[in-house]
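Structure first, commentary second.
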Amino acid sequence: MTATDPYRVVEAVWRIEAAHLIAKLTRMVRDVGLAEEIAQDTLVIALEQWPKQGVPTDPGPWLMATAKHRAIDLVRRRIRYGEKLAEIGRALEIAPVDEQDAVDDALDDRVGDDLLRLIFISCHPVLSTEARTALTLRVLGGLSTEEIARAFLVAESTVGQRIVRAKRTLAAKRVPFELPPPDQLAHRLTSVLEVLYLIFNEGYSATAGQDWMRPDLCREALRLGRVLAGLMPEQAEVHGLVALMEIQSSRTWARTDGAGAAILLGDQDRARWDRLLIRRGLAALARAQEIGGILGPFVLQAEIAACHARARSTQETDWSRIAALYLVLSHVWPSPVAELNRAVAVGMAEGAAEGLRIADRVQASRALDQYPQLPAVRADLLAKLGRTAESQQEYARAAALTRNAKEREIFQAKADSCSPVD
Amino acid sequence: MRYLVILKAAQPDGPPPAELMEAIAKLGMDATNAGVMLDMGGLAPAMNSVRIAVDAGGLSVVDGPFAEAKELISYVVYDVRSKEEAVEWAGRFMRLHRDLWQGWEGEAEVSRVFGPEDFAPQG
């Protein structure tokens with residue numbers, strides 16, 4: 001395996017170009033499923049030709065020109081797309097295929113718009129959450145069905161079906177390949193940001209399985225977030241999400257010990273935090289602040305993450321500010337999880353008793369009955385108050401609730417230890 | 001995966017062609033917009049550099065410029081999914097120099113920066 005292994009070179013170029021290719025093809029044929037199929041066919045052609053003839057000097061335009069020819073071929077030959085023929089024929093007339101066109105496409109400013117349209121339809125609210133994440137990773141991340149399946153610990157056939165169904169739904173509901181109208185933009189953007197953060201979180205705190213983190217998912221979500229920030233530089237929440245993901249990613253090194261056991265935020269060696277990612281995160285947050293406007297949930301969460309990133313230790317952390325930010329967050333985006341996090345911050349800023357009062361209210365609401373972090377937070381606060389037996393009980397409950405093996409080890413270890421945990 | 005690309009070159013006299021600078025800026029924008037460029041920087045001429053060496057003779061501190069024909073020009077840090085992807089981005093950068101600056105000779109070294117995944121416990 002060398003840097004010039006043609007198959008791996010094709011794959012690398014593909015990953016760089018796939019989303020742009022699918023975006024432009026979708027504009028041509030008005031069907032993301034068909035566009036993706038044509039893109040895959042183009043990949044096959046490249047895999048056949050490049051190893052023999054060499055990689056073209058400028059592979060992007062080559063792929064686009066080939067894809068366009070392929071699109072015309074496919075449209076002419078396939079009966080099952082017959083009903084689309086008229087429509088596609090018109091689209092192709094508008095976009096004639098020739099060499100000049102390929103060059104124009106390479107310089108085309110609308111490329112970004114097409115990519116943005118593709119992001120918005122991949123994360124369209126008509127699709128289920130699972131369908132959105134699978135389709136996003138597939139058409140925007142250029143991940144194979146197998147890679148997505150591995151990342152989410154599900155069968156390859158399951159992911160395949162999700163993608164097929166997602167494409168069918170988009171076609172059946174006649175979801176247009178357009179940017180959302182202004183009155184729907186906020187709602188639609190929220191859906192996009194949620195999908196990206198969901199992918200990130202699935203990687204960052206894997207909800208099930210043996211791995212504490214699945215870094216590929218984190219990296220892909222972060223990369224797509226950066227892409228989105230480039231496409232929508234005027235949206236504070238996009239920068240907020242990027243800032244949040246950059247800062248959270250900066251802790252990756254410090255989150256596990258040599259044996260792979262998880263280390264929680266308070267116990268992490270901050271010298272191992274990635275300063276480059278922190279710097280990028282703080283810069284993204286600064287951009288969000290420059291834009292201003294009403295504070296959205298992602299900017300607020302990024303502000304909180306930044307408080308941790310700036311602090312040299314748990315003790316030197318500005319817990320009062322974090323508690324205040326969580327209070328604002330709970331108004332903007334009411335969530336029992338945010339309220340639980342506020343309990344932690346208040347516990348640090350004002351004392352464990354105050355924190356426990358909030359955590360107990362969350363518990364009484366019953367909204368987080370199955371959430372392992374609730375007993376874990378209560379356990380920590382109880383331990384600080386010297387209520388050791390209750391604390392151990394709560395840690396045991398947390399261990400029983402979590403589906404993550406590494407996390408279970410942490411909680412179990414704390415449940416088994418007799419000394420108060422801080 | 002993170003890659004560090006270090007560029008060394010022997011530059012022809014005179015400033016780089018405007019067309020090249022424009023193309024480099026566009027490529028940088030492409031890489032940033034693709035979410036893969038984490039950091040980059042240009043280095044001041046080697047006459048401003050200092051080399052600290054340890055060898056059999058002990059430790060020495062030497063001011064630039066140095067004897068080599070090629071000097072360090074710039075660095076880029078990429079966040080990509082494979083070595084080939086880093087090589088593709090760096091290759092695009094080098095092709096611009098080949099095509100737009102006559103007489104320019106240089107080399108880019110693409111090196112993997114260790115990441116947490118390299119130290120993940122097996123099994």
Hey, does region A:171-186 have a residue that's surrounded by 19 or more Cβ atoms within 10 Å (Cβ to Cβ), among the small types (Gly, Ala, Ser) and either under 21 Å from A:LEU21 (Cα atoms) or touching a helix residue (DSSP H, G or I) at 6+ places or on another chain (Cβ under 9 Å) (or both)?
-> no
When region A:268-287 is examined, which residues are found to be at the interface with chain B (Cβ under 9 Å from one of its Cβ atoms), among the aliphatic types (A, V, I, L, M) and out of contact with any helix residue (DSSP H, G or I) (no Cβ under 6 Å at 6 or more places or on another chain)?
-> A:LEU276
Contacts under 7 angstrom Cβ, first residue in region A:297-308 being on the phi < 0 side of the Ramachandran plot, partner among the β-branched types (Val, Ile, Thr) and outside any helix (DSSP H, G or I), 6 or more apart = A:CYS307/A:THR317; A:HIS308/A:THR317
Tell me which residues, restricted to region A:146-169, are within 17 Å of the chain's Cα centre (by Cα), part of a helix (DSSP H, G or I) and farther than 14 Å from A:ARG132 by Cβ.
-> A:GLU147, A:ALA149, A:ARG150, A:ALA151
Working carefully through the options A:ALA23, A:ALA39, A:ALA67, A:ALA35, find the one that is within 14 Å of chain B (Cβ to nearest Cβ) and modelled with pLDDT of 90 or more.
-> A:ALA23
Under 9 Å between Cβ atoms, at least 6 apart or on separate chains: pull out the pairs that start in region A:253-267 with a residue that is within 8 Å of another protein chain (Cβ to nearest Cβ) and end on any residue that is of a type in the set (Asp, Glu) and surrounded by 15 or more Cβ atoms within 10 Å (Cβ to Cβ).
-> A:TRP253/A:ASP274; A:GLY260/A:ASP211
Note down all Cβ pairs under 7 Å where the first residue falls in region B:80-92 and is more than 7 Å from every other protein chain (Cβ to nearest Cβ) and within 22 Å of A:PRO215 (Cα to Cα), the second is surrounded by fewer than 24 Cβ atoms within 10 Å (Cβ to Cβ) and at pLDDT below 95, and they're at least six residues apart or on different chains.
-> B:VAL80/B:MET1
Over region A:140-170, the set of residues aliphatic (A, V, I, L, M) and in contact with a helix residue (DSSP H, G or I) (Cβ under 7 Å, 6 or more places away or on another chain) is A:LEU140, A:LEU143, A:ILE148, A:ALA149, A:ALA151, A:ALA155, A:VAL159, A:ILE163, A:ALA166, A:LEU170
Looking only at region B:67-74, decide whether some residue is closer than 21 Å to A:ARG275 by Cα, touching a residue at least 60 places away in the same chain (Cβ under 8 Å), more than 12 Å from chain A (Cβ to nearest Cβ) and surrounded by 11 or more Cβ atoms within 10 Å (Cβ to Cβ).
-> yes
In region A:170-203, which residue that is part of a helix (DSSP H, G or I) and of a type in the set (Asp, Glu) is nearest to A:GLU147 (Cα to Cα)?
-> A:GLU202
Checked region B:93-122 for anything of a type in the set (A, V, I, L, M, F, W, C), in contact (Cβ under 8 Å) with a residue 24 or more places away in the chain and not in a loop (DSSP other than H, G, I, E, B); matches are B:PHE93, B:LEU96, B:LEU100, B:ALA108, B:VAL110, B:VAL113
Hey, among the residues in region B:96-114 that are over 20 Å from B:ASP13 (Cα atoms) and within 11 Å of chain A (Cβ to nearest Cβ), which one's surrounded by the fewest Cβ atoms within 10 Å (Cβ to Cβ)?
-> B:PHE114
Look through region B:1-52, keep the residues that are acidic (Asp, Glu) and within 12 Å of chain A (Cβ to nearest Cβ), and return whichever of them is farthest from A:CYS218 (Cα to Cα).
-> B:ASP30
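The values are calculated or read from the model by the stated rules, or taken from the named source; none is laboratory data. Keep in mind that this is a model prediction, so the values were computed, not measured. Ideal geometry is used to build each Cβ from the backbone, glycine not excepted, and the neighbour counts take in all protein chains shown.
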